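K.L.:
Encoded as structure tokens, here's the structure I'll be asking about.
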Amino acid sequence: MISNILVATDGSKTAKNSVRYAIDLAKQTGAAVIFLSVIDKSLFVMQSVPAVASPTHLKEPIEDFLRQAAEAYIAEAEALCRKGGVESRNVIRSGHPVEEIVKEAEKSKVDLIIMGAHGTGILKTSLMGSVTFGVMQKDSKIPVLVTRK
Amino acid sequence: MEDTKRILVVSRMTKECATAIHYGASLCRKYGAELFVLHVIHEPFVFGAWNLPMPSIEEAFRKAREEAKADMDKIINFEKKQGVAITEVIKEGDPTKEILDMAKDKDIDLIILLSHEEGRLEHFLFGRSNEEILRKMPCSVFFVKHEPGPPSYGG
């Protein structure tokens, strides 16, 4: 029933918990795990200035830095998979997190998306938005498992 | 890492809830966990309050609920025969409150419930229950959106 699991991770404590949850579930079900990290470009301040004026000498190093960080925490997750005898692969993308998570889940034909949530209040969610809420309400038929902090 | 020893499946007495029970039973077998099925009865239309005779809607609603319950009974009985420990509870009232109360009382490790895409109006009128549960996050939550294929169950 569950043979492919996608774990969306950003290296946070909550995401690390969902990585462990996914590996444990994969061990029980014999599923393979895909670790996805999305570099959210909308957070870059430079995006708000015109392309011509965009200081690429600043923007590129930030993106490189975030990519290296993503590679590091995904490598950590893959090491946990190898230790547990779980098959895994990783994907790093740039773009809007909700769009990229759903796109990758559909492309890889996963049976389950696992993500972490902090259990935030109404105000915090309204102000900051939430990737988890976004994925849940997206027009996708893939089940979503939200793990607790 | 929390152990998954007690799983709660939320049923709203609709036919689609059979899918959630199917996932719950399957995960219980993998984890060797105990399964709780909470049937929440919540009448969104409050027939009496309209002060209008609506026998056809009320009757149709009751009939649909009975048919859904019969479907779920088939699955639950099948899973019980397979050795899954299942406890059924029926509650009437606000779904969010009943789910959160039961998760706390029974020390649940994973809640499984149905979810689907909602338009803004539908979300405003009916859809806040799942969001509320996700905000409170008493434990990990599994939102089932997809039929995993037609499971066959004995009668």
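The values are calculated or read from the model by the stated rules, or taken from the named source; none is laboratory data. Given the structure is predicted, the values throughout are model-derived calculations rather than measurements. Here the Cβ positions follow ideal geometry from the backbone for every residue, glycine too, while neighbour counts run over all protein chains shown. Ligands, DNA and RNA are excluded from the accessible area calculation, which covers all protein heavy atoms including side chains. Shrake-Rupley method; radii C 1.70, N 1.55, O 1.52, S 1.80 Å.
K.L.:
Restricting attention to region A:87-121, report how many residues are of a type in the set (Ser, Thr, Tyr) and at pLDDT below 85.
P.N.:
Result for region A:87-121: 1.
K.L.:
Show the residue pairs that are 6+ apart or on different chains and have beta-carbon atoms under 7 Å apart, the first residue being within region A:1-29 and within 11 Å of chain B (Cβ to nearest Cβ), the second being assigned to a loop (DSSP other than H, G, I, E, B) and among the basic types (Lys, Arg).
P.N.:
A:Thr14/A:Lys149; A:Asn17/A:Lys149
K.L.:
From (1) within 12 Å of A:Thr9 (Cβ to Cβ); (2) hydrophobic (A, V, I, L, M, F, W, C); (3) surrounded by 14 or more Cβ atoms within 10 Å (Cβ to Cβ), pick out the condition that doesn't hold for A:Leu66.
P.N.:
Against the list (1) within 12 Å of A:Thr9 (Cβ to Cβ); (2) hydrophobic (A, V, I, L, M, F, W, C); (3) surrounded by 14 or more Cβ atoms within 10 Å (Cβ to Cβ), A:Leu66 comes up short only on (1).
K.L.:
Can you pull out the residues in region A:122-149 that are open to solvent by 40 Å² or more (accessible area, probe 1.4 Å), at pLDDT below 65 and on the phi < 0 side of the Ramachandran plot?
P.N.:
A:Ile122, A:Leu123, A:Lys124, A:Ser126, A:Leu127, A:Met128
K.L.:
Quick one: how many residues across region B:1-40 are more than 9 Å from every other protein chain (Cβ to nearest Cβ), open to solvent by less than 50 Å² (accessible area, probe 1.4 Å) and within 22 Å of B:Asp101 (Cα to Cα)?
P.N.:
Adding up the residues that qualify gives 19.
K.L.:
Now, a different point. Can you tell me which residue among B:Ile111, B:Ile133 is open to solvent by less than 40 Å² (accessible area, probe 1.4 Å), modelled with pLDDT of 90 or more, of a type outside the set (Phe, Trp, Tyr) and within 17 Å of B:Gly24 (Cβ to Cβ)?
P.N.:
B:Ile111
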